[in-house]
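One structure below.
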Amino acid sequence: MTAPVALHQTRIFSEVVAAQPKPVAYFLVDAMRFEMGAELAERLPKTSEVSVKHALGVLPSITPIGMAALQPGASSSFSVIEQGANWGHG
């Protein structure tokens, strides 16, 4: 048994956002569960295309790492290195 191929978080911009006709809105939301995103999509006006996609997240699953993985260029170069014990908090 194999798992279905899933979109990796670092590939969202290059494979989903960049391919859309311009202009495109791209929401970066921290800590939003898939179900919450689906509910939000249902409430948005139906005047344009709205989609919700699942993706495999990066680890560790903390805000600075997750948001960096969604930026343009993350699909070609993304790594996590230890820089200090703070991890951007404080």
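Key figures
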item	result
In segment 2-54, residue surrounded by the fewest Cβ atoms within 10 Å (Cβ to Cβ) [restricted to those that are assigned to a helix (DSSP H, G or I) and more than 16 Å from the chain's Cα centre (by Cα)]	43
Any hit, segment 1-24, residues being of a type in the set (Gly, Ala, Ser), free of Cβ contacts under 8 Å to residues at least 12 places away in the same chain and in contact with a helix residue (DSSP H, G or I) (Cβ under 9 Å, 6 or more places away or on another chain)	no
Residue ID - surrounded by the fewest Cβ atoms within 10 Å (Cβ to Cβ), chosen from residues in segment 56-72 that are within 18 Å of residue 25 (Cα to Cα) and touching a residue at least 40 places away in the same chain (Cβ under 8 Å)	72
Number of the exception - residue 90 against (1) at pLDDT 85 or above; (2) open to solvent by 80 Å² or more (accessible area, probe 1.4 Å)	(1)
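The values are calculated or read from the model by the stated rules, or taken from the named source; none is laboratory data. Owing to the predicted nature of the structure, the values given are computational and were not obtained by experimental measurement. When we count neighbours, we look across all protein chains shown, and the Cβ atoms used for this are built from the backbone with ideal geometry, even at glycine. Side chains are part of the model used for accessible areas, which takes the heavy atoms of the whole protein and leaves out ligands, DNA and RNA. Shrake-Rupley method; radii C 1.70, N 1.55, O 1.52, S 1.80 Å.
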